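To start, the structure itself, in structure tokens.
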Amino acid sequence: MTDSFEDSAVTDNVAAESSRPPDPAPWELLGEEPGFQRFLTVKLRRYRMPDGREVEWDVFGPEAGVTAGITVLPLTPEGRIVTIRMFRAGPDSVVTNLPGGLVEPGEDVAIAGARELEEETGYTCETLDVVGWQWSGSSSTFRKYVAIARGCRPDGKQQLDETEDCVPVELTVDALRAELRTPGAMTGIDAAYLALDHAGLL
């Protein structure tokens, strides 16, 4: 009975995929020129659309040479989640975040995750697994990796950058989910949901 049910589910999924309409044709990249460049960089790209029209599009990323960042879901042995409270200039307020930051050029993503975790929170971890990545935004060239750190304890050393003011806060899973559902309370909620999904905590 179980095999029959699984075979039926697979058949249904294949049928659903085959009935899906085809993707639109991709745009042709004609060129790129630099625009604004500081911590965030903006480049102007010119594309040719499938109907022959040419359009310009702004794309953005972090500082030159950096192509990726990482967000970490830190889990303590008791199952609590280590978050940080910090001021963010976009929302212009103090918000909740999961720890994370930039992956330095040539740096292993997992090592970057463990480094950012300790620097921002003072917590170390027993294990850290990179579980996926996503684009930072629809007009972004920046990859945001997502990791799950387990066995997190406050036995490291917090080392903040001169413009960081992170305060580590342990939350229960329910409390974090409440933060995620509260408009404006968090940034990086897409990465947080992806991490919770991979951790089986949704």
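The values are calculated or read from the model by the stated rules, or taken from the named source; none is laboratory data. If you're wondering where the values come from, they're calculated on a predicted model, not measured in any experiment. Cβ sites come from the backbone with ideal geometry, for glycine too, and all protein chains shown count toward neighbours. The protein model used for the area step is the full one, side chains on, heavy atoms only, and it has no ligands, DNA or RNA in it. Shrake-Rupley method; radii C 1.70, N 1.55, O 1.52, S 1.80 Å.
Whether any residue in the range 86-96 is in contact with a Cys (Cβ under 7 Å, 6 or more places away or on another chain) and open to solvent by less than 40 Å² (accessible area, probe 1.4 Å) is what I want to check. Show your work before the answer.
Taking the range 86-96 and keeping what is in contact with a Cys (Cβ under 7 Å, 6 or more places away or on another chain), we get 86.
Among the residues that remain, those that are also open to solvent by less than 40 Å² (accessible area, probe 1.4 Å) are: 86.
Checking the range 86-96: at least one residue is in contact with a Cys (Cβ under 7 Å, 6 or more places away or on another chain) and open to solvent by less than 40 Å² (accessible area, probe 1.4 Å).
Is it fair to say residue 124 is at pLDDT 95 or above, open to solvent by less than 20 Å² (accessible area, probe 1.4 Å) and at negative phi? Judged against the criteria, residue 124 is not a match. Screening the range 103-121 for residues that are of a type outside the set (Asp, Glu) and in contact with a Pro (Cβ under 8 Å, 6 or more places away or on another chain) and picking the one that is farthest from residue 145 (Cα to Cα) gives 121. At pLDDT 95 or above, out of contact with any His (no Cβ under 8 Å at 6 or more places or on another chain) and either over 24 Å from residue 151 (Cβ atoms) or of a type in the set (A, V, I, L, M, F, W, C) (or both): does that describe residue 42? When the stated conditions are applied, residue 42 does not pass them. Looking at the range 29-100, the strands (runs of 3 or more DSSP E) lying wholly inside it that each contain 1 or more residues that are over 22 Å from residue 154 (Cβ atoms) and of a type in the set (A, V, I, L, M) sit at 41-48, 54-61, 68-75. Selection of the range 188-202 for residues being touching a residue at least 60 places away in the same chain (Cβ under 8 Å) and open to solvent by 40 Å² or more (accessible area, probe 1.4 Å) yields 194, 198.
What tally of residues in the range 53-74 results from selecting those that are farther than 17 Å from residue 111 by Cα and out of contact with any Gly (no Cβ under 8 Å at 6 or more places or on another chain)? So the count comes out to 10. Just to be sure, is residue 138 without any contact (Cβ under 8 Å) to a residue 12 or more places away in the chain and either crowded, with 19+ Cβ neighbours inside 10 Å or polar (S, T, N, Q) (or both)? Considered against the rule, which asks whether it is without any contact (Cβ under 8 Å) to a residue 12 or more places away in the chain and either crowded, with 19+ Cβ neighbours inside 10 Å or polar (S, T, N, Q) (or both), residue 138 comes out as yes.
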